[in-house]
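Here the structure is laid out as structure tokens; the discussion comes afterwards.
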Amino acid sequence: IQWQFRKLKEKGYIKIGTHPVGWCPSCGNPVGQHYTKGDVEPEIVEFVAIKFKMDDFFIPTATLRPETVFGVTNIWVNPKADYVKAVVDGEKWIVGLKASQRLKHQNLKVEVLEVFKGQDIVGKSAVNPVNGKSVPILEADFVDSGHATGVVMSVPSHAPYDYMALKEVKEKTGCSIEPVTIISFEGAGEVPAADICRDMGIKSQIDPRLEDATRELYRRELTSGFMLSNTGRYSGMRVSEARELIKRELIEKGDARVIYELSDKVYCRCGEECVVRILENQWFIDYGNPEWKEKVYECLDSMLIIPEELRVEFKNVVDWLKERACARQRGLGTKLPWDES
């Protein structure tokens with residue numbers, strides 16, 4: 001084993017760095033696919049936590065689509081879940097209780113000041129950092145208070161979940177909030193999320209088909225969408241270009257920060273739910289090395305694979321493999337020959 005790792009290091013395929021990894025809080029170790037129940041890969045997703053201001057507190061709403069911040073009509077919290085007021089790296093935040101515990105693994109100093117139910121802030125308002133507009137905080141059952149920050153910004157024109165939740169709130173309370181459309185693409189109607197929900201026959205915010213509707217709408221907008229005039233200087237930009245630009249500018253101004261989350265719930269073989277942890281001075285096998293990947297593709301092309309249609313699965317795995325933690329400080333194993341710790 002040590003011989004193999006010395007060879008990998010000689011060839012430049014081992015490196016040290018600070019990276020987010022799948023982590024078991026109980027075992028205190030990084031987890032890969034072979035450490036999890038059902039051999040599930042802990043896929044790490046980068047979220048942008050955009051900070052809406054409520055009194056002296058920030059409400060960071062985690063999103064994969066920072067460009068849609070111009071279309072926010074409200075903020076969602078789960079009324080039955082526990083939330084906290086906390087000091088996070090010197091800032092006052094409102095996040096889900098479980099989310100606050102998970103954020104501690106991402107090199108954030110979290111001090112909880114108060115625990116309360118989401119219902120306690122329903123009806124209050126927060127200010128959107130990009131346009132200064134005040135938006136209400138509303139309740140939605142689909143919000144997972146332990147996922148990312150546990151708070152969701154609502155963009156009902158471009159997010160099927162948000163559209164259905166807002167539709168139900170309006171039917172229940174008679175509120176007058178209307179979707180704000182900020183992206184268009186060929187064939188899009190006035191409210192793209194409404195169109196796709198209608199076409200798929202979705203009637204409720206807990207309809208499982210909302211996942212498919214979300215993926216399809218996001219795909220259309222990312223591949224062929226452009227920003228409308230109500231997005232200011234981003235007007236006319238392709239969505240793919242605006243997304244990165246808006247993300248960078250929000251972070252530079254201190255109105256957002258990057259956080260990490262697993263794409264789905266993953267459990268360690270010990271039974272503990274896995275989280276994302278940022279590790280410093282961690283040794284990795286650099287499977288993302290492009291020269292190494294090229295050699296692997298050449299080998300794959302020369303292989304006989306039965307059945308042939310599975311070849312694409314091998315290519316997909318080679319595509320998404322990046323750095324993988326290859327060492328741990330606890331448990332059984334072989335010492336790294338160049339790092340006894």
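The values are calculated or read from the model by the stated rules, or taken from the named source; none is laboratory data. Note that the structure is predicted; figures quoted are calculated from it, not measured. In this analysis, Cβ positions are derived from the backbone assuming ideal geometry, glycine residues included, and neighbour counts consider all displayed protein chains. These accessible areas exclude ligands, DNA and RNA; they are computed on the full protein's heavy atoms, side chains included. Shrake-Rupley method; radii C 1.70, N 1.55, O 1.52, S 1.80 Å.
Below 9 angstrom from the Cβ of Val276, what's the summed charge of the other residues (Lys, Arg +1; Asp, Glu -1)?
Once all neighbours under 9 Å are counted, the net charge is +1.
Given N residues in the chain, what is Rg(Cα) / (2.2 N^0.38 Å)?
Dividing the Cα Rg of the chain by 2.2 N^0.38 Å gives 1.10.
Relative to the longest principal axis of the C-alpha atoms of the chain, give the angle of the C-alpha long axis of helix 290-301, reported between 0 and 90° and rounded to the nearest 10°.
80
Give the distance, in whole Å, between the Cα centre of the stretch 262-341 and the Cα centre of the stretch 221-257.
32
Given a Förster radius of 25 Å and the C-beta distance between Val115 and Asp55 as r, what FRET efficiency does 1/(1 + (r/R0)^6) yield to the nearest 0.05?
0.90
Checking the table Lys265/Lys335; Lys53/Lys133; Lys109/Lys322 against a 21 Å threshold on Cα-Cα, which pairs fail?
From the list (Lys265/Lys335; Lys53/Lys133; Lys109/Lys322), the Cα-Cα distance tops 21 Å for Lys265/Lys335; Lys109/Lys322.
Any idea what the alpha-carbon Rg over 2.2 N^0.38 Å comes to for the stretch 83-172?
Rg over 2.2 N^0.38 Å, computed on Cα atoms: 1.15.
How far, in degrees from 0 to 90, does helix 210-224 lean away from the longest principal axis of the Cα atoms of the chain, to the nearest 10?
90
Accessible area per residue, 1.4 Å probe, Å², for the chain: what's the number?
Result: 52 Å² of accessible area for each residue.
If you line up the long axis of helix 311-320 against the longest principal axis of the chain, both from Cα atoms, how many degrees apart are they, to the nearest 10?
For helix 311-320, the angle is close to 80 degrees.
What residue among His158, His34, His19 shows peak mean-square fluctuation when the chain is described by a Gaussian network model with Cα springs under 10 Å?
Top of the fluctuation ranking is His34.
Quick one, can you get me the convex hull of the C-alpha atoms of the stretch 271-341 expressed as volume per residue in Å³?
It comes to 182 Å³ per residue, whole-number rounded.
Along each principal axis of its Cα atoms, how long is the stretch 73-114 end to end? Whole angstroms, biggest number first, please.
29, 19, 19
Glu41: net charge of surrounding residues, Cβ under 11 Å, Lys/Arg +1, Asp/Glu -1, itself excluded?
Spelling it out: positives minus negatives among the neighbours equals -2.
Cα extents of the stretch 136-218 along the three principal axes, largest first, in whole Å?
35, 27, 23
When the gyration tensor of the stretch 175-325 is built from Cα positions, what are the square roots of 5 times its three eigenvalues, in whole Å, from largest to smallest?
Working through the eigenvalues yields semi-axes of 35, 23, 21 Å.
Using only the alpha-carbon atoms of the stretch 49-130 as identical scatterers, what base-10 log of I(q)/I(0) does the Debye formula give at q = 0.14, 0.16 Å⁻¹?
-0.45, -0.60
Beyond 20 Å, what percent of the Cα pairs of the stretch 39-195 remain?
For the stretch 39-195, the share of Cα pairs beyond 20 Å comes to 49 percent.
Tell me the carbon and sulfur percent of the accessible area for the chain, rounded to whole percent, probe radius 1.4 Å.
Carbon and sulfur together cover 50 percent of it.
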